[in-house]
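To start, the structure under review is shown below, and the notes come after it.
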There are 2 protein chains.
Amino acid sequence: MADEMTLLDAFKQTKFQVVGHGPRNVQVLKDALADTDGDLESDMYGKGKVIEDFQNKMAAYLGMEEAIFFPSGTMAQQIALRIWCDQTEIYKVAYHPLCHLEIHEQDGLKRLHNIQPVLLAEEDRIIELEDVLNVQEDISCLLLELPQREIGGQLPDYATLEAISQHCREHGIKLHLDGARLFEVLPYYGTTAEEICRLFDSVYVSLYKGIGGVAGAILAGNPDFIAESVIWKRRYGGDLISLYPYIIADDWYLSKRLDKMGQYYKDARELAEYYNRCSGISTVPSVPVSNMFHVQVELPKDEFERILLEMYENTGIGLTGSIREISDVRCYFEVSIGDQYEKVPKEALGKAFDFLGSRMLAVQ
Amino acid sequence: MADEMTLLDAFKQTKFQVVGHGPRNVQVLKDALADTDGDLESDMYGKGKVIEDFQNKMAAYLGMEEAIFFPSGTMAQQIALRIWCDQTEIYKVAYHPLCHLEIHEQDGLKRLHNIQPVLLAEEDRIIELEDVLNVQEDISCLLLELPQREIGGQLPDYATLEAISQHCREHGIKLHLDGARLFEVLPYYGTTAEEICRLFDSVYVSLYKGIGGVAGAILAGNPDFIAESVIWKRRYGGDLISLYPYIIADDWYLSKRLDKMGQYYKDARELAEYYNRCSGISTVPSVPVSNMFHVQVELPKDEFERILLEMYENTGIGLTGSIREISDVRCYFEVSIGDQYEKVPKEALGKAFDFLGSRMLAVQ
């Protein structure tokens, strides 16, 4: 922990950081509010112009009938799955072993709803059509995460999505999109959000990943589904008297960054190439399909951290603030490209990777 | 609905409103943020200086060992009751028939936790010691709401609280405080928050009622209870990446308004006297014990609304934006005193009530 704080501090002190949108601080909210009239009335428990306008805008963007703003994706997705389970009276849902609901939510789905997961595919690969065809149990719903974050943001191809969608429709299985990073994968697919979402019965998108808002999520679906979601949002205590601080900020950053997803994707591929040229370092996927990827390093975490600390101090370029252990001899970290990458001078970036590459060679 | 909008619009257009802190608009947040350094880092999923400092401050103020910030009281209280049920393995809790959990949360407690309520006292009166002594079933927890909002904000006396607390401790029943309006009742009790909270095992306070923050709540208790609460907050999707928009605003308004609760209480008693002088109008309680009370009117809702609309137009004084029907011939509304009351010129207020009184006499 002390080591990680040191790396994080060193990262923050570098002149240029290659990842993210910049510091998550109060200025992020202040900037968004500066353009907003102080007389704009708060939403009130899910009602009011500020929340309804944004929900309508997002429904239209996603090509779904209706949308509802949630304080968090955790809440939105558990509720989506519960509604589909209630509708089918089957309390089993299928998802990837590294699904957010399985590893980051303290088993909320199981403890609050008694919904049991059926895990599809191995941890290190995405769900393919065959995995879905081979499900032996009755399930109410299949959740697909695009991209699969915990394995570096991997994606099935569009034809696979279509085939899975068709199979689910033919077999009465609801298909839910964990689109925490949906905006970020559209350049790879070369489609609109609508062309992805129409394959799904319900869609969640996050507003603080690639968009870089303050917090919040959108859940979209048909009117009956959304009406049920509103009730569950109240049951969860997610129907806050005022959600406008998030909505205003999220809407503002959406307007700034939605058109930049193609650039982030291009930047991610470029940055991955820099990494893959270093001995003992490789990216997953080897060619990114969104603004994110993982970097795997054939060194113990502590040893690689020492190299990074040296590199940050010598080059002023910060690559990451946090490294995670894979084993005694391997470690990895996640990369998400945002507004910061384009500010890094290419020459300085090249020199930084020359430095990293030479250090990696020296320790192999 | 159309009628209510008309009354609400007319109320908003009056020169002076006797209730509330003023419009709930974006300026409320902007004012609070203006004093905050933009470089202050966001909290991150419940960690960080901004959230930890505020939690520590609130724990100290309430005299509880630890405190945790929640996006909503609905979430905080369901979780508190669940923890006490798990600890005692008894999935029944006792509370008032008009408890927030019973009437405003779409049965979240029952649907998410399968916890059954035991309703104490009749709807139109508060829970007394005898009600607690007479509980025939095993319960894990008793929830007391101070003040009991849905009946005008009534309160038991302090000796009753002590006796109920002692009984609960002797019988292994956890005592939870729904202190949505705890700050607001301290002037009546003439005690510190600590002197109330020490009678309870867990305490919830709201930060957007009398304090007038943007949203948010505090749940306080012992370290084991809070450690469990943190896990459940994650399960609910309440562990947002950033809660600072609420925390900063709530803290700012707390600093502005905590010391004004005595004034609000005095103002409420004064305003209640104005109402009680009008024929066919009475307050519940007849003498307020906090900043709030109910106003009951012996007229059909529509008829009383017409009188108010006339009064607002003639006097420029707004009393309420919303009336609720009790029966075909009776209606009521809730009054909460805030910063607005002191801005109303006393002479204009007197004339407005003269107008109301004469109209009420005319229709009796």
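Label points for B:E128 are taken 7 Å from Cα along Cα→Cβ. From this copy to the others they lie 7.4 nm apart, shortest first. Solvent-accessible surface (1.4 Å probe) assigned to A:S358 amounts to roughly 60 Å².
Within the stretch A:5-54, none of the trypsin sites (Lys or Arg not before Pro) combine a DSSP coil assignment with at most 11 other C-beta atoms in a 10 angstrom radius.
Residues of the stretch A:12-58 that bury at least 40 Å² of accessible area once all protein chains are present, compared with their chain alone (1.4 Å probe, heavy atoms only, ligands and nucleic acids left out), are A:R24, A:N25, A:V26, A:L29, A:K30, A:L33, A:G38, A:E41. Scanning chain B for the Cβ atom closest to the axis that brings B onto A yields residue and whole-Å distance B:P245, 2. According to the square roots a ≥ b ≥ c of the eigenvalues of the Cα gyration tensor, what is the shape class of the stretch A:219-364, taking rounded for a/c under 1.5, prolate for a/b larger than b/c otherwise, and oblate for the remainder? Here the stretch A:219-364 falls in the prolate category.
Using a probe of 1.4 Å, the accessible surface attributed to B:D328 totals some 130 Å² when neighbouring protein chains are kept in position. The listed residues B:R181, B:R198, A:R111, once ranked by accessible area (1.4 Å probe) with the largest placed first, stand as B:R198, A:R111, B:R181.
Report the gain in length on full extension from B:K351 to B:K49: 0.36 nm times residue separation, minus Cα-Cα distance, nm rounded to one decimal.
Details: separation 302, 0.36 × 302 = 108.72 nm, distance 5.08 nm.
That pair, B:K351 and B:K49, stretches by 103.6 nm at full extension.
Working with all protein chains in place, sort B:E65, B:E298 by solvent-accessible area computed with a 1.4 Å probe, largest first. Mind showing how you got there, number by number?
On the way: B:E65 130, B:E298 85 Å².
Descending accessible area places them as B:E65, B:E298.
With all protein chains in place and ligands, DNA and RNA left out, the 1.4 Å accessible area ranks A:E52, B:E273, A:E313, B:E334 as A:E313, B:E273, A:E52, B:E334, largest first.
Annotation for A:Q87, label-to-label distances across the other copies: 4.0 nm (shortest first, one decimal, point 7 Å from Cα along Cα→Cβ).
Computed from Cα atoms, the angle from the helix B:261-276 axis to the main principal axis of chain B rounds to 40 degrees. With the helix formula -39500 (n - 2.57) applied to DSSP H stretches of n ≥ 4, chain A reaches a computed 222 nm mean residue ellipticity of -14000 deg cm²/dmol. For chain A, the longest principal axis of the C-alpha atoms and the axis of helix A:158-170 are separated by about 30°. Sorted from closest to farthest, the other copies place their A:H171 label points 5.4 nm away, with each point set 7 Å from Cα along Cα→Cβ.
Principal-axis analysis of the Cα atoms of chain A puts helix A:346-363 at an angle of about 70° to the longest axis.
Each residue was assigned an accessible area with a 1.4 Å probe, and for B:T315 the value is about 40 Å². Give me the lysines in straight-line cross-link reach of B:K346: C-alpha distance below 20 Å, same-chain residues under 8 apart excluded. Correct list for B:K346: B:K12, B:K15, B:K260, B:K266.
The values are calculated or read from the model by the stated rules, or taken from the named source; none is laboratory data. Everything numeric here is computed off the predicted structure, so don't read it as measured data. Here Cβ is always computed from backbone atoms with ideal geometry, including for glycine, and neighbour counts include all displayed protein chains. Accessible surface areas use protein heavy atoms only, side chains included; no ligands, DNA or RNA. Shrake-Rupley method; radii C 1.70, N 1.55, O 1.52, S 1.80 Å.
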